[in-house]
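So the structure is just underneath, and the comments pick up after that.
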Amino acid sequence: MDFKRNILITGGAGFIGSHVVRLFVNKYPDYHIINLDKLTYAGNLATLVDIENKPNYSFVKADICDFETILNIYSKYNIDAVIHLAAESHVDRSIKDPFTFAQTNVMGTLALLQAAKEMWKTPYTNNRFYHISTDEVYGTLEFDGTFFTEETSYDPHSPYSASKASSDHFVRAFYDTYGLPTIVTNCSNNYGPYQFPEKLIPLFINNIRHYKPLPVYGKGENVRDWLYVEDHARAIDLIFHKGKIADTYNIGGFNEWTNIDLIKVIIKTVDRLLGNPEGTSDSLITYVTDRAGHDLRYAIDSNKLKNELGWEPSLQFEEGIEKTVKWYLDNQSWMDNVTSGDYQEYYQKMYQDK
Ligand code: NAD
Ligand code: DAU
């Protein structure tokens, strides 16, 4: 079948990538969506069973750092656009193992860019390289009501954010140097279904469910700006189609919470949905040693995206968190599969045999 576009989405077996893949596969039957993922601990194809047999979807198990393989994939699928989400994404892991972050996030991004440059023909009329980045590259804010804008200077503090900052610079350098049609977006903290339970929200929902301690770093005073993952996926769709080449857009929910306030909302919601009396799980809160280099506050100004392309978050936080907690409680088998590690053995074996 001839498709209108052949879009490579990297990291599609991960949290945000799976929502982007699902959105594109369902919304654009005339696009071929090729999901490229290494299936690290964070990649789980069980997340995509609902679309895995669609005629416009293909999965390729590959490492973005493997340049020759990436070239072959661009060629085999006649890739004309890339939405790049594959990354090592967890700050705590980056503190323990920075090399893996530099390798995947920097060298992997560079391999994808270089392959695009070698395979695509100038003037790149139908091409687009869309790189998904994070607000963490901007560093940290005080409690002073200021926001990260697209003009904020980069000031990363963790090995994770340093690696993402470096990859953003490479993406922009490929536009400046070779004219490769790139776009970068920097998004705030996402939450919603299918997030790996090393991140705050799914970890705490699962711990409450099993009546396990909730490790709050430092005093729980750090602030994050939370966005429902499907709203991020909608923004990516819009920017992919309508965003200006060589431009940057910030994506965020104008939805700041201190960690401790957020944790109290999660506890209340989980207890209510489990039918526990209010306050049952309050004593699980356990203050632990702070994360090294812990950024105090993130807050995104997404007015440019609103004013230029008309995007706004669709969900109020109260609705989003209710939906999210309910999803994790209703999908305990997904969570058990992930926490036991069974999913890895299953899918790794399936793709090893191919
Ligand atoms: P995730 O950790 O859930 O998923 C990452 C995916 O990338 C996994 O499927 C993994 O298997 C894959 N991957 C890792 N290394 C790979 C490699 N070498 N080759 C191929 N695939 C590889 O991450 P996420 O939270 O979904 O984040 C996706 C992207 O969005 C990342 O680039 C991240 O920096 C960015 N981001 C995340 C958030 C957030 O709140 N989660 C916010 C802003 C930006
Ligand atoms: O801002 C965007 C970023 O958001 C993304 O780029 C990252 O990929 C994503 O992981 C996320 O980073 P954070 O470090 O903000 O997310 P995390 O869920 O790890 O932590 C959220 C906050 O909660 C943070 O201030 C640290 C704190 N925390 C986290 C964990 C896992 C705790 O207090 N206890 C915990 O056990």
Return the aspartates and glutamates within reach of K121: Cα separation strictly under 18 angstrom, same-chain partners fewer than 8 residues apart disregarded; answer none if there are no such residues. D80, D176
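Relative contact order of the stretch 56-120: what whole-number percent is it, with Cα pairs under 8 angstrom and at least 6 residues apart?
Details: 45 pairs, mean separation 32.1, N = 65.
Computed over the stretch 56-120, the figure is 49 percent.
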Spin-label model distance (nm) - T177 vs V265, 7 Å beyond Cα toward Cβ: 4.3
Specify the angular offset, from 0 to 90 degrees and rounded to the nearest 10, of the alpha carbon long axis of helix 159-178 from the longest principal axis of the alpha carbons in the chain. 20
Considering only DSSP beta bridges whose two residues both sit in the chain, what percent are antiparallel, to the nearest 5? 5
Compute the acute angle (0 to 90°) between the alpha-carbon long axis of helix 259-274 and the principal axis of greatest extent of the alpha-carbon atoms of the chain; round to the nearest 10°. 80
Tell me, what % of the accessible area of the chain is carbon and sulfur with a 1.4 angstrom probe? 50
Report, ordered by chain and residue number, the lysines lying within cross-link reach of K326, taken as a straight Cα distance under 26 Å and ignoring same-chain residues fewer than 8 apart. K27, K199, K212, K264, K268
Between the stretch 303-352 and the stretch 1-16, how far is it from one alpha carbon centroid to the other, in angstrom? 18
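With only alpha-carbon atoms in the gyration tensor, what are the semi-axes of the equivalent ellipsoid for the chain, in Å, largest first?
On the way: eigenvalues 210, 113, 71 Å².
Ellipsoid semi-axes (Å, largest first): 32, 24, 19.
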Could you give the distance between the Cα centres of the stretch 228-251 and the stretch 70-139, to the whole Å? 16
Give the angle, between 0 and 90 degrees and rounded to the nearest 10, that separates the Cα long axis of helix 317-330 from the longest principal axis of the Cα atoms of the chain. 90
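Determine the calculated [θ] at 222 nm for the chain from helices alone, applying -39500 (n - 2.57) to every DSSP H run no shorter than 4 residues and normalising by the residue count; nearest 500 deg cm²/dmol.
Working: 13 runs with 145 residues, N = 354.
Calculated from helices alone, the mean residue ellipticity at 222 nm is -12500 deg cm²/dmol.
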Please get the size of the charge dipole for the chain, origin at its Cα centre, with Cβ charges of +1 on Lys and Arg and -1 on Asp and Glu, quoted in debye to the nearest 20. 760
Over the chain, give the accessible area per residue in Å² for a 1.4 Å probe, as an integer. 43
Show me 60-66, 277-283 ranked by packing, highest mean number of other Cβ atoms within 10 Å first. 60-66, 277-283
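The values are calculated or read from the model by the stated rules, or taken from the named source; none is laboratory data. This structure is a prediction, so every number in the text was calculated from the model and none was measured. So basically every Cβ, Gly included, is an ideal-geometry build from the backbone, and we count neighbours across all protein chains shown. The protein model used for the area step is the full one, side chains on, heavy atoms only, and it has no ligands, DNA or RNA in it. Shrake-Rupley method; radii C 1.70, N 1.55, O 1.52, S 1.80 Å.
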